[in-house]
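Read through the structure below, which is laid out as structure tokens, and then see the notes.
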Amino acid sequence: MAGFVGRTRELARLDGMLARVERGGRAGRPGRALLMRGRRRVGKSRLVEEFVERAGVPHLFFTASAQPTPAADLRLFVEAAAGSTLPGAGLFAGQAPATWDAALTLLAAALPTDQPSVVVLDEMPYLIATDPGFEGTLQKVFDRELSRRPVLLICVGSDLAMMEALNDYGRPFHQRATEMVVPPLSPGDVAEMLQLPPADAIDAYLVTGGLPLVLDDWAPGETVRDYLAQAVPDPTSALLVSGERALAAEFPPQSQPGVVLRAIGSGERTSSSIARAAGGIPQASLHRALRLLTDKRVVEAALPLSTRPSRETRYVVADPYLR
């Protein structure tokens, strides 16, 4: 794959938000926040990287990881800020803030006041999982400091349910951010990327789910059969490991949600058939697992249209790649 394909609509929306920051806001509050969510491996980070590169403005890109303590995340954040292109990046040299309040306040001081900038907090659910108070701290510093600077704050996450809930009523960040969902690449994007005719591009989309990382291993012009012939036997191919890593990040290896998900993936659709395929899992455990899977947007539950409540729920894995 050469260059950057697709995402025209998403890039235009990001450009529009940055333009709003540049124009300023009411009462001296030009700062804007964006909550970006999408499935793992769908290309969220790559999209933001492309946007920042094209924008050419000072920026900080911090990617959180599953660190054991908030102090470890803070140390990595300070390192990323010190190496950023923000004009006040030097303020972070030799600093060791003990709290996110102190670190984010220092970030506000490092931002330019005469031109727009971008701050990216990638994999934000990890920060919230490590420090439950992070969400409230970010809201406080955004209200008091960041919103007064010409900055676009982009918070990125793969946990769809958590990222969606951040903007709910009663949560600290309610109505402070715009939401953006990054979908997989479209069949048209797949056709452009792989140089395939329409019918073959649809097959490629169904095999890969439109995931850029999987498509990156697909040679332009290669047929579906040829691609699968080399990808399936290779235990390190993106076609295989992307799904494994996505599930491992969501569910422990032997968890009941994982067992239930694999039963649905094998073709079972009803509660009774899923329970049998999952080894006779108890109904209470099955219902908890199905609720977790649907809450995480990994599984979709469909009910028939009816004038009376129906129990004919059908379950299906939410995207073609995981299926």
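Points worth noting:
- By average C-beta atoms within 10 angstrom, highest first, the peptides 266-272, 278-284: 266-272, 278-284
- Only the Cβ atoms of Lys and Arg (+1) and of Asp and Glu (-1) were treated as charged; on that basis the dipole of the chain about its Cα centre amounts to roughly 1160 debye.
- The range 147-243: Rg to Rh, with Rh as the Kirkwood radius over Cα pairs: 1.16
- Enclosing the Cα atoms of the range 122-193 in their convex hull gives a volume equal to 120 cubic angstrom per residue.
- A compact globular protein would have a Cα radius of gyration near 2.2 N^0.38 Å; the ratio found for the range 6-51 is 1.33.
- For the range 187-237, taking Cα atoms only, Rg and Dmax work out to 9.9, 29 Å respectively.
- Sparse-neighbourhood loop sites, trypsin sites (Lys or Arg not before Pro) in the range 289-320 - DSSP loop, at most 12 other Cβ within 10 angstrom: ARG311
- Fraction in percent of alpha-carbon pairs per bin - 10 Å, the range 8-181: 10, 41, 40, 8, 0
- The translational diffusion coefficient of the range 213-323, from Stokes-Einstein at 10 °C and 1.306 mPa s with a Kirkwood hydrodynamic radius over alpha carbon pairs, comes to 102 µm²/s.
- The chain - convex hull of the alpha-carbon atoms, volume per residue in Å³: 173 Å³
- Mean ellipticity per residue at 222 nm, deg cm²/dmol - from DSSP H runs of n ≥ 4 across the chain, formula -39500 (n - 2.57): -13500 deg cm²/dmol
- Mean Cα-pair separation over length for the chain, i.e. relative contact order, pairs under 8 Å, 6 or more apart, %: 18 percent
- Environment charge at VAL57 (Cβ cut-off 12 Å; Lys +1, Arg +1, Asp -1, Glu -1): -3
- The range 136-206-the range 94-108 distance, computed between alpha-carbon centres (Å): 26 Å
- Using only side-chain charges placed at the Cβ, +1 for Lys and Arg and -1 for Asp and Glu, the dipole size of the range 8-181 relative to its Cα centre rounds to 480 debye.
- Positive contributions from Lys and Arg (+1) and negative ones from Asp and Glu (-1), summed over other residues with Cβ under 11 Å from the Cβ of PHE173, come out at -1.
- Efficiency of FRET from Cβ geometry, ARG297 and THR236, R₀ 35 Å, rounded to 0.05: 0.80
- Cut-off 13 Å between beta-carbons: net charge of the residues surrounding THR130, Lys and Arg +1, Asp and Glu -1: -3
- Taking the centroid of alpha carbons for each part, the range 13-36 and the range 257-323 are 41 Å apart.
- Positive end of the dipole of the range 4-45 (Cβ unit charges, origin at the Cα centre): among GLY43, ALA33, ALA19, the Cα lying farthest that way belongs to GLY43.
- Using Cβ point charges alone (K and R +1, D and E -1), the dipole size of the range 182-249 about the Cα centre works out to roughly 180 debye.
- Paramagnetic reach from PHE4 in the range 82-120 [backbone N under 20 Å; point 7 Å along Cα→Cβ]: 84-86, 116-120
Laboratory data are not the source of any read-out in this text; all were calculated from the coordinates shown. Since we're looking at a predicted model, the values are computed, not measured. Because the Cβ atoms are built from the backbone with ideal geometry, glycine has one as well, and the counts that use them run over all protein chains shown.
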